Amino acid sequence: MSRRATGWTQPAPGVHRIDVAHVNCYLIEAEGGLTLVDAGLPRSARLLDSVLSRIGARRGDIDAVLLTHGHFDHVGMARSLAGEGVASLVHPGDARLARHPYRYSHEAPIWSYPLRHPRVVPSMLAMVGKGALAVRGVDVAPGVADGETLDIPGHPRAIWTPGHTDGHCAYFFESVGALLCGDAIVTLDPYTGARGPQIVAGAATVDSTRALASLDMLREVDDSVLLPGHGDPWTRGVGSAIDAALRAGAH
């Protein structure tokens, strides 16, 4: 995992992927408004500002921050955006975690992963350099329900996928044909450095068995581009990503 990612791409119409230290968040342009899915790391803000400037917008023009879950690397900019008047939304199961993004349960000890997978150390240090240890929690509106189509730009439908965290949700943006799946499936595991569709390692997952079982909830949007919280987009069908993740299993 030597390549250090920092940049932005447009993986689907109106979707801007902001990739800083292998942590993704996505700015969605839809119906004259903006939705930010996840809030990356604190120092993702410079790249967010650059993308906003390119489309003639500012932070305060973002209509909502939609969190897939409340871990620190998905909440990073949410507190500062709240200061600009931008509210964050999350499933009720992760409302407390979003306020305290380092207080998360995990089924395996974190410390063992850098020892077993030393190639991830440079990327972990890159995350630290982008503010991973300085995230401030955010008060959120626990206004996301499973199956609900949200009244924010893009009108995403929430798909509850517990396991990585209790309140983890993926979001299907039908208008752009994209499934923003957070850490339900990633194509780069930040704890092992392994590439390809998989769930996140037990170092940051509450219940891997439940996380794997939740993946079937995503099969209904098989034709979508899959946009994960870590790693590159997957364009070969959501079903094939799920099958690959199931083969990879818990780790």
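Observations on the structure shown:
- Candidates are the residues of region 144-180 that are of a type in the set (G, A, S) and in contact with a Phe, Trp or Tyr (Cβ under 7 Å, 6 or more places away or on another chain); the one that is farthest from Q10 (Cα to Cα) is A158.
- None of D222, D183, D232 is within 23 Å of Q10 (Cα to Cα), touching a helix residue (DSSP H, G or I) at 6+ places or on another chain (Cβ under 6 Å) and of a type in the set (D, E, K, R) except D222.
- L226 vs. criteria in contact (Cβ under 8 Å) with a residue 40 or more places away in the chain and of a type outside the set (D, E): yes
- Being among the small types (G, A, S), surrounded by 15 or more Cβ atoms within 10 Å (Cβ to Cβ), outside any helix (DSSP H, G or I) and touching a residue at least 60 places away in the same chain (Cβ under 8 Å) holds for only one residue in A57, A108, and it is A108.
- Close pairs (8 angstrom Cβ cut-off, 6 or more residues apart or separate chains): at positive phi in region 122-146, outside any loop (DSSP other than H, G, I, E, B) and open to solvent by 70 Å² or more (accessible area, probe 1.4 Å) anywhere: G131/R43
- Scanning region 146-182 for residues that are open to solvent by less than 30 Å² (accessible area, probe 1.4 Å) and polar (S, T, N, Q) turns up T161, T165.
The values are calculated or read from the model by the stated rules, or taken from the named source; none is laboratory data. Model, not experiment: these values are computed from the prediction. Backbone-built Cβ (ideal geometry, glycine too); neighbour counts: all protein chains shown. Calculation scope for accessible area: heavy atoms of the full protein, side chains included, ligands and nucleic acids excluded. Shrake-Rupley method; radii C 1.70, N 1.55, O 1.52, S 1.80 Å.
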